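We did not get these values from a lab; they are worked out from the coordinates using the rules stated. The shown structure was predicted, so the numbers you read here are calculated from the model rather than taken from an experiment. Virtual Cβ from ideal backbone geometry, glycine too; neighbours counted across all protein chains shown.
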Amino acid sequence: MVSYTEDEAKELQRSALEHLWIYTREPSDMAEKGEPHIFVSGKGCQVTDIFGETYIDAMSGWWLKNVGYGRTEIADAAYEQMLQLTFMPSGSTAPSTIKLAQKIADITPGDLSRCFFTSGGSESVETALKLCRAYHRRQGEAGRYRFISRMGSYHGATFGAMALGGSPIIPRDDYEPLMPGAVHVPQPNPYRCQLGGTTPSECAERCANAVEEAIKFHGPQTVAGVIAEPISSPTGVIVPGDEYWPRLREICTKYGVLLIADEVITGFGRSGKMFASEHWGITPDIMTVAKGITSGYIPMGGAIMRKELADSFVGSDKAAFRHIITFGGHPVAAAASLKNIEIMETEDMVQNSAAMGQHLLDGLKELKAKHPIVGDVRGLGLMCGMEIVKDRETKEFFPQEARLAERLTGQFSQNHLHLRGGNYVSIMPPLCISRGEVEDVVSGIDQALSAVERDLV
Ligand SMILES: Cc1ncc(COP(=O)(O)O)c(C=O)c1O
């Protein structure tokens, strides 16, 4: 392993503060805290920083390190592909890319069958939006341009994707005006149902009905698609009531609107099924994927379309889908992805996600019973969330001055957990996590909550 002296580490930190934009962080704040935190190696669920401290990565990088760190088989697969062919000539493809498209068609639900590869989640969402509008044009319905998404969702950083949803950590006002035609409806969060539902089912039905109302209000002839994450992450992992997704499917079919399941986080085993859409037995018209498709070993994503719809882009030059992403379907990324999926399958990681996810959720429920600042815990598979509140009765959050996020994140770190604190805490460790490591995660969160409670309550 490469090691660094203290001086080298400090020099790297100084250089990063001067030359890098680190996502969601501001340089003067990092400098004050002796950051950025620099990591140099990882194995399984553990990551080691430049000063030799080891942490459990309870966020899987950016919710993507599904098979865990340090899988040399993936590096070998990428290396072997690099020795053979590192890019395909224009207008052609490569065997690893074809094999991956076939594999994805095999493991995704229903007749999702044709994949447009990209190099990440935002491009996958952007591709899905373009596929929707282009599809409707081919059906003679060029007036369908609007997209319905949910408040609090996150679908990416590009202009189209940014116009959808609205994550609390990425305010959009610096970049407006955004893509026209975005319509926002409530998130089916049973803990804080915006539409007054008092049970998960009631909230699910009311929020799904809000989608139908929005379609009727704007006119179905103007609506191209509905996009939603099966389980939404930015506001603390929203698992909708069981009625939600089947109703969305029904509504979209009824009005000829395409349903996009954004599985960029939920895909590839995260929720205890290979794809979260499977929990509710639905097939979206388009599924967007990224992150876990390679467990973050190399950038890749995709938008996968149902056969019946994808066929409308086949048959003539005029029908073709004209959209290019240079690095989409890169043969090296495809080889890495195939190996990543093989590891997931041969080591039963999806089943482990379901079993360890339940163990994690049980542990978090015990923490809720013990800590008054835990308002809610919820989750499915290794996608668990907590809401931290000042007052359980009113569900009021701590005020900004309490610096909850900073305190919690600092305490997690002191307890050797790499985990972001705040009003919402999303806990998503790698799918290879063991029982003992789950217990370490729960115990680290327990200690951190106790310390924060001592200061704030
Ligand atoms: C559901 C969802 N969609 C899309 C994206 C955008 O993906 P990327 O950051 O790879 O562009 C993200 C990123 O976190 C996501 O969570």
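Just so you know, the Rg over Rh for region 151-253 is 0.96, from Cα atoms, with Rh as the Kirkwood radius. Convex hull volume per residue, computed on the Cα atoms of region 72-346, equals 131 Å³. Using θ = phi - 60° in the Karplus curve 6.51 cos²θ - 1.76 cosθ + 1.60, the 3J(HN,Hα) couplings for region 60-68 round to 6, x, 10, 6, 9, 8, 4, 8, x Hz; x is entered for Gly and Pro.
Gln139 to Glu11: FRET efficiency via 1/(1 + (r/R0)^6), r the Cβ-Cβ distance, R0 51 Å, to the nearest 0.05? It comes out at approximately 0.30. Count charges around Arg306 for me, please; just the other residues with Cβ under 11 Å from its Cβ, Lys/Arg as +1, Asp/Glu as -1. Net local charge, Arg306 excluded: -2. Taken one residue at a time, the phi angles of region 387-392 give Karplus couplings (6.51, -1.76, 1.60, θ = phi - 60°) of 10, 9, 10, 7, 9, 5 Hz. Gly and Pro are set to x. Taking 0.36 nm per residue of separation and subtracting the current Cα-Cα distance, fully stretching the chain between Ser41 and Tyr23 would add 4.5 nm. Rounded to the nearest 20, the Cβ-based charge dipole of the chain about its Cα centre (Lys and Arg +1, Asp and Glu -1) stands at 1440 debye.
Peptides 260-268, 55-63 ordered by packing proxy, namely the average of other Cβ atoms within 10 Å per residue, highest first: 260-268, 55-63. Counting only DSSP beta bridges whose two residues both lie in the chain, roughly 65 percent are antiparallel. The orientation-averaged projected area of the convex hull spanned by the Cα atoms of region 348-456 comes to 6.1 nm². Look at where the Cα atoms of region 338-395 and of region 422-457 average out, and the two centres are 10 Å apart. Checking every one of the trypsin sites (Lys or Arg not before Pro) in region 368-397 against DSSP loop status and a limit of 14 other Cβ atoms within 10 Å picks out Arg392, Lys395.
Which of the pairs Lys10/Lys43; Lys65/Lys254; Lys130/Lys254; Lys273/Lys307; Lys43/Lys291; Lys65/Lys370 have their Cα atoms more than 27 Å apart in this structure? Over 27 Å Cα-Cα: Lys65/Lys254; Lys65/Lys370. In this Cβ point-charge picture (+1 for Lys and Arg, -1 for Asp and Glu), region 348-456 has a dipole of about 100 debye about its Cα centre.
Here, region 6-110 yields an orientationally averaged convex hull projection of 10.6 nm² when only Cα atoms define the hull. Think of it this way: in the chain, Cys45, Cys115, Cys132, Cys207, Cys252, Cys384, Cys432 stand alone, with no other Cys Cβ under 4.7 Å. With a cut-off of at most 14 other beta carbons within 10 Å, and DSSP calling the residue loop, which GluC sites (Glu not before Pro) in region 383-457 qualify? Please list them. In loop regions of region 383-457 (DSSP not H, G, I, E or B), the sparsely surrounded GluC sites (Glu not before Pro) are Glu393.
Percent of Cα pairs in region 90-230 per distance bin of 5 Å, from zero to the largest separation: 2, 9, 14, 17, 18, 17, 12, 7, 3, 1, 0, 0. Simple spin-label estimate for Glu439 and Asp76 gives 3.3 nm between the two label positions (7 Å along the Cα-to-Cβ direction from each Cα).
The value obtained for region 22-84, namely the Cα convex hull volume divided by the number of residues, is 122 Å³ per residue.
Region 90-143 and region 236-314 have their alpha-carbon centroids 12 Å apart. Relative contact order, whole percent, for the chain stands at 20, derived from Cα pairs under 8 Å and 6 or more residues apart.
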